[in-house]
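Bear in mind that the values in this text are calculations on the coordinates, not laboratory data. Just so we're clear, the structure is a prediction, and the values are computed from it rather than from any experiment. We place every Cβ from the backbone using ideal geometry, glycine too, and count neighbours over all the protein chains shown.
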Amino acid sequence: MSDNLYELKDIHKLFVKGREPVEIFDGLNMTIKRGDFISIMGPSGSGKTTLLNMLGGVDKPTQGKILFDGQEIQSLGEGKLAKWRAAHIGFIFQFYNLMPMLTAAKNVELPLLLKKLSAKKRKENVEAALALVGLSERAKHRPSELSGGQQQRVAIARAIVSDPDVLLCDEPTGDLDRATATEILENLQQLNREFNKTIIMVTHDPVAASYASTSLHLDKGEFVERDVAA
Amino acid sequence: MNDFYLIRKNLTRNRLRMILNCFAIFIAFLLLGALGSIRNAFDAGVELSADDRLVVVNKISFTQTMPVAYVNKIRAIEGVQKVTWANWFGGYFQEPRNMVVMLIVDPESYLDVYPEMILPDSQREAWFKNRQGVIIGEALALTYGWSLGDRIPISSNIFSHKEGGSTWEMVVEGIFSASNGRADTNYMLMHHTYFFETQSYGGEWVGWLTLTTGDPEKNEVVSRAIDAEFANSSAETETTTEAAFNRAFIEQFGNISLIIQSVVMAAFFTILLIVGNSMVLSVRERAKEIAVLKTLGFPAPRVFRMVLFESLLLAVIGGVLGMLVAQFMVEGMSNSPQIARIFPNLAIDSGTWATALTYMVLLGLLTGVFPAYRALTLNTITALGKG
């Protein structure tokens, strides 16, 4: 098994805004190793979220290849991409994106509906994921009954419950106060260090970025700076 | 948790909207059930008609009479097996509002032509022997609590008795049932000899004749032969099948089936727009959640099915509730003597239930397919990008 989890080769991404074509990436190359914790910073419109979406198979490059564990994912059809995402990717969003009508436990259970697991096994996994983020006591609460930080921890539990290889985090602390943000970032760091999860985090916050082992700065579709933690 | 749990949770997340949608569907199916039962009641006479029975009426109108001599003339026509005849009495019990359907008949031939009337032999013989005797249908007997041997006064709003008044004393000699549960037994039959002997005016005449051919393929030839026999006479005839006669009788009130169907269709079209619009709105409101599901790895066709099934579930809940309440109402109405006299076969049959279930599925599919398609083709990135 190669150390490289992701290899991005000559990625081009073109959008059409109004009548004007806008090129976000013009030949981007990138490698992400298994177990990396990478933060991606950059101004608005630099392509951070687009890059994250392409890494998660939600978006496709106009040109170029995205290899995941040696497998080209940009050429997969929608159905296969959905399966691939369910198997390998966990998403964490800025605004948590929990289902308001489901309890915390049911929200966490959602990705497990895509796997052939018994109800008992699903329950065990959900309990383990909630315990890992310290929310066992809140399993039966709905999102509206939880604080922002607790909701984000439910979202983290949902992202890790199916044991994915990668966690893709889009501004995971963008909607939280500093103290809560710190808790969330410590959760992510723990997942990276103890469970060897590869984490790719888009953020505007330099403090959040400092939790990553590698910080990349993206501007106009190119990496302009790379900081590696000591 | 499974997909059905998610569907159920999505359906009930906005309780007020779900209740209002359900109520709209409920009303449509309540109408379908109740009006469908009325249509069935009208249609029962047509459906239960024997296919080898013909009815002969006066060509001018079936309210016009014909000479009683026609009975034997028709009996002599080739292809005719059995003939009977009847007259309308226009009866009521005690008060004009207690209308009783009573026919003046020739007992032996009538029972011969209508073998579906079930009457014990002893009662049959008793009726044949007693001119003052009547036989009553079990539904009618139940309505008025009449039993064998009862003496009952039946009045006519058309004829008068030669001894004064318009009331005839009669004795219940038999209570008949029908071989088919849907057949009407809410009427009674009176001896023609008793009537002819006691009426204050008029001779012997018949309102209509019923005959059998024994083979539906002979119906056409026999009909033409009968009408030809009486062509250019003072009472020309029109011969039709029993089913056509019953249908024409019902259509005096208008095209009931078309009226009912139009009302039901108008209701359904309105509900379709209301529920369809509501479903579109509901899916639009949770575009982001649908995008999250797809991002988590739920395949688009599975999301499509979930939205479609949600709409189906809504239609089935509202529809079944509507039909159950309609069933309850119709059963209640059919137990009322006043309503039973007008609609003796009032009931929601399995055919109406099957139609209702088909409509529920159609309504669910039609109101769900557009929002489900929107969910299927939802642009995940755009939806996730919305605040």
query = Ranked by Cβ crowding within 10 angstrom, fewest neighbours first, how are A:Asp165, A:Asp3 ordered?
reply = A:Asp3, A:Asp165
request  = Would you be so kind as to identify which of A:Asn192, A:Asn29, A:Gly77 lies farthest towards the positive end of the dipole of chain A, taking Lys and Arg as +1 and Asp and Glu as -1 on Cβ and the Cα centre as origin?
outcome  = A:Gly77
Given charges at Cβ of Lys, Arg, Asp, Glu: the protein assembly as shown dipole, positive-most of A:Leu130, A:Pro206, A:Ser44 = A:Pro206
task = Over the residues of the range A:104-230, compute the C-alpha Rg and express it relative to 2.2 N^0.38 Å.
result = 1.12
Rg/Rh for the range B:278-387, where both radii come from Cα atoms and Rh is the Kirkwood radius = 1.26
note = Rounded to two decimals, the Debye log10 I(q)/I(0) of the range A:45-113 (Cα scatterers, no solvent) at q = 0.27 Å⁻¹ is -1.26
ask   = About its Cα centre, what dipole magnitude does the range A:4-228 give when the only charges are +1 on Lys and Arg Cβ and -1 on Asp and Glu Cβ, stated in debye to the nearest 20?
value = 1000
message = Using a 10 Å cut-off around each Cβ, can you sort B:Leu293, A:Leu188 from fewest to most neighbouring Cβ atoms?
response = A:Leu188, B:Leu293
query = So how far apart, in nm, are the two label points at B:Asn157 and A:Thr62 if each is 7 Å from Cα heading toward Cβ?
reply = 8.5
query = How big is the antiparallel share of DSSP beta bridges in the protein assembly as shown, given as a percent to the nearest 5?
reply = 70
ask   = Once the principal axes of the Cα atoms of chain B are found, what is the range along each, listed largest first in whole angstroms?
value = 93, 45, 33
remark   = Across B:287-296, the residue-averaged tally of Cβ atoms belonging to other chains within 10 Å stands at 6
task = Ignore the peptide's own chain and count Cβ atoms of other chains within 10 Å of each Cβ in A:55-66; give me the average, rounded.
result = 1
message = I'm a student and want to see the number: the projected area of the Cα convex hull of the range B:32-92, averaged over all directions, in nm².
response = 6.6
request  = Quick one: dipole size for chain B, taken about the Cα centre, charges +1 on Lys/Arg Cβ and -1 on Asp/Glu Cβ, in debye to the nearest 20.
outcome  = 2960
ask   = If the convex hull of the alpha-carbon atoms of the range B:241-301 is projected onto planes in all directions, what is the mean projected area in square nanometres?
value = 7.1
Rough spin-label spacing in nm, given labels placed 7 Å along Cα→Cβ, for B:Asn255 and A:Lys121 = 6.2
request  = State the answer as a single residue: which of B:Val275, B:Thr358, B:Leu296 lies farthest towards the positive end of the charge dipole of the range B:255-387, with beta carbon charges of +1 for Lys and Arg and -1 for Asp and Glu, about the Cα centre.
outcome  = B:Leu296
message = Suppose R0 equals 45 Å. What FRET efficiency, 1/(1 + (r/R0)^6) with r the Cβ-Cβ distance, do B:Tyr373 and A:Thr31 give to the nearest 0.05?
response = 0.65
query = What is the magnitude of the charge dipole of the protein assembly as shown about its Cα centre, with +1 placed on the Cβ of each Lys and Arg, -1 on the Cβ of each Asp and Glu, and no other charges, expressed in debye to the nearest 20?
reply = 2400
Translational D in µm²/s for the range B:1-147 (Stokes-Einstein at 37 °C, 0.692 mPa s, Kirkwood Rh from C-alpha pairs) = 158
inquiry  = Run the reach check for B:Lys59 against lysines, Cα to Cα strictly under 26 Å, same-chain hits fewer than 8 apart removed. What comes back?
reply    = B:Lys73, B:Lys82, B:Lys218
query = How would you classify the protein assembly as shown from its alpha-carbon gyration tensor, with a ≥ b ≥ c the square roots of the eigenvalues: rounded for a/c under 1.5, else prolate if a/b is greater than b/c, otherwise oblate?
reply = prolate
ask   = Among rounded, prolate and oblate, which fits chain A when a ≥ b ≥ c are the square roots of the eigenvalues of its C-alpha gyration tensor, a/c under 1.5 means rounded, and a/b larger than b/c means prolate?
value = prolate
task = Show that you can apply the helix-only estimate: for the protein assembly as shown, add -39,500 (n - 2.57) for every DSSP H stretch of four or more residues, divide by all residues, and state [θ] at 222 nm to the nearest 500.
result = -15000 deg cm²/dmol
request  = Please give the FRET efficiency for B:Ala76 paired with B:Asn2, using the beta carbon to beta carbon distance and R0 = 56 Å, rounded to the nearest 0.05.
outcome  = 0.15
task = With a ≥ b ≥ c taken as the square roots of the eigenvalues of the C-alpha gyration tensor of the range B:114-234, please select rounded if a/c is under 1.5 and otherwise prolate if a/b is larger than b/c or oblate if it is not?
result = oblate
message = Give the aspartates and glutamates whose C-alpha is closer than 19 Å to that of A:Lys83, dropping any in the same chain fewer than 8 places away, or say none.
response = A:Asp59, A:Asp69, A:Glu72, A:Glu109, A:Asp163, A:Asp165, B:Asp3, B:Glu289
message = Ranking request for peptides A:139-146, B:134-141: highest mean number of other beta-carbon atoms within 10 Å first, then the rest in descending order.
response = B:134-141, A:139-146
task = Report, in cubic angstrom per residue, the convex hull volume of the C-alpha atoms of the range B:169-296.
result = 312
inquiry  = My understanding is that a pair violates if its Cα-Cα distance is over 31 Å; which of A:Lys33/A:Lys140; A:Lys48/B:Lys288; A:Lys80/A:Lys123; A:Lys60/B:Lys9; A:Lys120/B:Lys294 do that in this structure?
reply    = A:Lys33/A:Lys140; A:Lys60/B:Lys9
ask   = Assuming a viscosity of 1.306 mPa s and a temperature of 10 °C, what translational diffusion coefficient in µm² per second does Stokes-Einstein assign to the range A:83-176, Rh being the Kirkwood radius over Cα pairs?
value = 122
key: Calculated SAXS-style log₁₀ I(q)/I(0) at q = 0.10, 0.11, 0.12, 0.14 Å⁻¹ - the range B:75-177, Debye, Cα scatterers   = -0.30, -0.37, -0.43, -0.58
note = Listed by chain and number, the residues whose amide H is under 5 Å from that of B:Asn98, excluding neighbours fewer than 5 places away on the same chain and using placed H, are B:Phe93
message = Among B:319-328, B:304-313, how do they line up by average Cβ neighbours within 10 Å per residue, starting with the highest?
response = B:304-313, B:319-328
message = Give me the one-decimal nm value for the distance between modelled label points at B:Leu148 and A:Glu145, 7 Å along each residue's Cα-to-Cβ direction.
response = 7.1
request  = Fewest Cβ neighbours within 10 Å first, please rank A:Lys13, A:Lys121 accordingly.
outcome  = A:Lys121, A:Lys13
query = When every alpha-carbon pair in the range A:13-68 is counted, what percent end up more than 19 Å apart?
reply = 31
